[in-house]
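Enquirer: Here it is, the structure, as structure tokens.
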């Protein structure tokens, strides 16, 4: 637009001047002194240089800079086209740097920077309970506590929620739907309106209210064909009829309960959690609150403190030791993902810095060849500023291409990066290249442009006309200055690469230790699948036990399926259930002190199948049934902690899954420890009960078989369907897969950082190669003289190698110092390896030295092959 | 016959003067008018007329409009603005001052 207007302006100017010249020519001709064409020439002479006039006019209008820019851009393009190899290398280097940064930023942007997608997100807090004495930092709250919070009036609104997936039947194949069990206050609290009908209301929570459900837009479309009459219709969950009262929009989620949420039901209507409502000790609700407008976090926290103290005083048995705390909801959602994200962002920033240094190095190398061109321009009167500007314009053209390609790369990689998101997902906040990310990408490109373009520009324009014009510019002083700068930049590259390699090395070490962890059970050849019984059809524990008996019986009858068992919950695959217990015959615990252990209900074959050895006593047998005395098996950790110098066999523990919480069970065996909650968490105390004595409405079927997992799964499906064809089999996985999934996040981060480290190594290698080979090329004569004076190729090769090694050594020193300083940021990411792990540091140094030597190899070979005669004649 | 180039800095004044007297002129007419008025003693360095006119446009001393010559060729015609008229007075006053001073210097010598 601007250019088009100026072109028209120039055309009009030209027309005006042409008229002038024509009229003058006619006058000269009419005066009769000369012929027509001579007259025209005379008029032209008299008029002056049109181009210069036009420049003067442009200057008057203040357009000079645009003209220059246009000229520089055109010149820059031409130059880049002339050396496509160089251009390609630079653009790809920049695109990788910019792309990686933009992609990482898009993740940081969506996770850390963008506010939660609810109105007034700053008012949303997470409310949780902590128990310093038990070392519990973050726990849910009981239904009764949530009620107390609400009645205290501290918050504008308080709501609690948990997950308990139900089986949906009567709408296509039976399936498990992701169900959020919620107190109705959650909806007005989050302030999101349904797209049809209503959301849940406090009236739905009253005892005896009709069962109601709110479904997600997604479920409404996929399962109910977007039927507009769904609201008011009954649907069947766990074989019980619920009336659909509303449909929530696709983006709606109750925070912290995962990205997959399909239906929402009131707590009072849930077959499992409704039984928890009266129990003050049951910390089963994840609680969020909305602060009153204008209330500060600190003032609310002090009110909440007082409330916690009041509850402790009023209910010392259940609330003793439990403090109530609040934290911004966003912080809780982001959780422990913040540090790794910032570490990765920092690492990727280093990669961009490296890319810039490398490009600066390349530009400097090229500046050497362009010194004569610059000298020529200077000789013709180009000002220094003008030359710097020209060089910067060329850099800008490169940066622009790098930015376009880089942002495209970032856009392509956002999908893959989704696995960096917190597990307690934000599916409603996908990673995307939005305006902010775009702005970030362009900003870092601009910074990069100045970063890699300025030094070569200044250095090239500095040297005098004389020295640059001189033949054999390799000997000129300015050239030595450039080489010095290039050596410095290469040292910096090695230092940066060192930091990244050490970081990647530490994470790799940590990952190696993590995957080498013995979970305490043998995962090989074990496949698992979940079977869940609808609570309203399978009402009694007796039915659950009968179902599981017949399921295992049918399964074990199939070929190759002898080794099958049942467990609820299955270690690492499911969440863990932590229950309090007391030891019969011991003095009662002082108020507020609790003994806890993870609880698992298993069928007799479980321990053998999973390879968990028995250390004392016996395992469960088929004789441990409802009619026999209650028994339990404890883990080694429980035995060591609570039965220090005694034999636990024969003692009784009092515990159980509600409503059997006060059941005394005789300890019949002690088994080895396993890791059930997290792979990286030291095993804690555990207690097992026979499934027959503590049945559950479903559980994980585990099978150890040499048959392929697919056949195992179809055998499980067959057995389940032969009992009840309405039962879904879900969450099918192999146990090695479960183990691998538990380290998926650190694994992904490690590979990402390793990729950065590898790129850094390659860039650093290119840097060393460039500097050393240039130095060799400019010293051909010197090598020739040395060779003619009797230096063997070995001596010359060593000289070149030493040059590279000096570069590397300087960079390594700086890199080590930086890495030592930066390693502490990785501390929280490391498992079983110190942030200053000497082995990792040593290996990293060795790797970088090897890379430096490798980079020197070709130039050294070239130097060794210098023929003294050729070298001397060449000068 | 030799013609003198106009003293530097007086080009604006001459253009303004010519336009004040003759109203609307295109570039070549301005150049010719300066020559005629000065009885062919002063000669405008022809091309520099145009940057000067552009600068005067920017300053708002003159206005330009496209029109047609007698031979029906497109030409840009310039005319004085009020600001231009005021500028002319100032330029003449300044010129008189300078010439007066120069004259005094010459007399004293």
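The values are calculated or read from the model by the stated rules, or taken from the named source; none is laboratory data. Quick caveat, the model's predicted, so the values are computed rather than measured. Neighbour counts are summed over all protein chains in view; Cβ atoms, including those assigned to glycine, are modelled from backbone coordinates with ideal geometry.
Enquirer: Among the residues of segment A:188-198, are any in contact with a helix residue (DSSP H, G or I) (Cβ under 7 Å, 6 or more places away or on another chain) and either crowded, with 21+ Cβ neighbours inside 10 Å or closer than 21 Å to residue A:300 by Cα (or both)?
Expert: no
Enquirer: Also, I was wondering about something else. Mind checking which residues of segment A:680-702 are within 38 Å of the chain's Cα centre (by Cα), under 23 Å from residue A:519 (Cβ atoms) and buried (at least 20 other Cβ atoms within 10 Å of the Cβ)? Even if it seems obvious, please write down each step before you answer.
Expert: So the first thing to find is which residues in segment A:680-702 are within 38 Å of the chain's Cα centre (by Cα), and the list is A:680-688, A:696-702.
Applying the additional criterion that residues be under 23 Å from residue A:519 (Cβ atoms) yields A:680-688, A:696, A:699-702.
Across segment A:680-702, the qualifying residues are A:685, A:686, A:687, A:688, A:699, A:700, A:701, A:702.
Enquirer: Specify which of the listed residues (A:524, A:504, A:529, A:492) is assigned to a loop (DSSP other than H, G, I, E, B), in contact with a helix residue (DSSP H, G or I) (Cβ under 8 Å, 6 or more places away or on another chain) and in contact (Cβ under 8 Å) with a residue 60 or more places away in the chain.
Expert: A:524
Enquirer: So which of A:349, A:385 is in the same structural domain as residue A:825 (by TED's automatic domain parsing), at pLDDT 85 or above and in a helix (DSSP H, G or I)?
Expert: That would be A:349, the only listed residue that is in the same structural domain as residue A:825 (by TED's automatic domain parsing), at pLDDT 85 or above and in a helix (DSSP H, G or I).
Enquirer: Could I ask something else about it? Note down all Cβ pairs under 8 Å where the first residue falls in segment A:49-61 and is more than 12 Å from residue B:48 (Cα to Cα) and facing chain B (nearest Cβ under 8 Å), the second is surrounded by 19 or more Cβ atoms within 10 Å (Cβ to Cβ) and modelled with pLDDT of 85 or more, and they're at least six residues apart or on different chains.
Expert: A:60/B:51; A:60/B:54; A:61/B:54
Enquirer: Show me the strands (runs of 3 or more DSSP E) found entirely inside segment A:117-205 where at least 1 residues are under 13 Å from residue A:285 (Cβ atoms).
Expert: Details: elements: A:124-131, A:136-139, A:157-163, A:166-169, A:175-177, A:179-182.
In segment A:117-205, A:124-131, A:136-139, A:157-163, A:179-182 are the strands (runs of 3 or more DSSP E) which contain 1 or more residues that are under 13 Å from residue A:285 (Cβ atoms).
Enquirer: Something else: Mind listing whichever residues of segment A:778-802 are out of contact with any helix residue (DSSP H, G or I) (no Cβ under 6 Å at 6 or more places or on another chain) and either closer than 25 Å to residue A:849 by Cα or at pLDDT below 80 (or both)?
Expert: Those that are out of contact with any helix residue (DSSP H, G or I) (no Cβ under 6 Å at 6 or more places or on another chain) and either closer than 25 Å to residue A:849 by Cα or at pLDDT below 80 (or both): A:779, A:792, A:794, A:795, A:798, A:799, A:802.
Enquirer: Being facing another protein chain (nearest Cβ under 9 Å), surrounded by 14 or more Cβ atoms within 10 Å (Cβ to Cβ) and not in a helix (DSSP H, G or I) narrows it down to one of B:63, B:55, B:76, so name that one.
Expert: B:76
Enquirer: Right, another one. So which helices (runs of 4 or more DSSP H) are wholly in segment A:756-875 and hold at least 1 residues that are closer than 30 Å to residue A:98 by Cα?
Expert: A:793-822, A:838-864
Enquirer: Right, another one. Take the conditions within 11 Å of another protein chain (Cβ to nearest Cβ) and on the phi < 0 side of the Ramachandran plot and apply them to residue A:65. Does it pass?
Expert: Details: within 11 Å of another protein chain (Cβ to nearest Cβ): no; on the phi < 0 side of the Ramachandran plot: yes.
No; evaluated as a whole, the condition is false for this residue.
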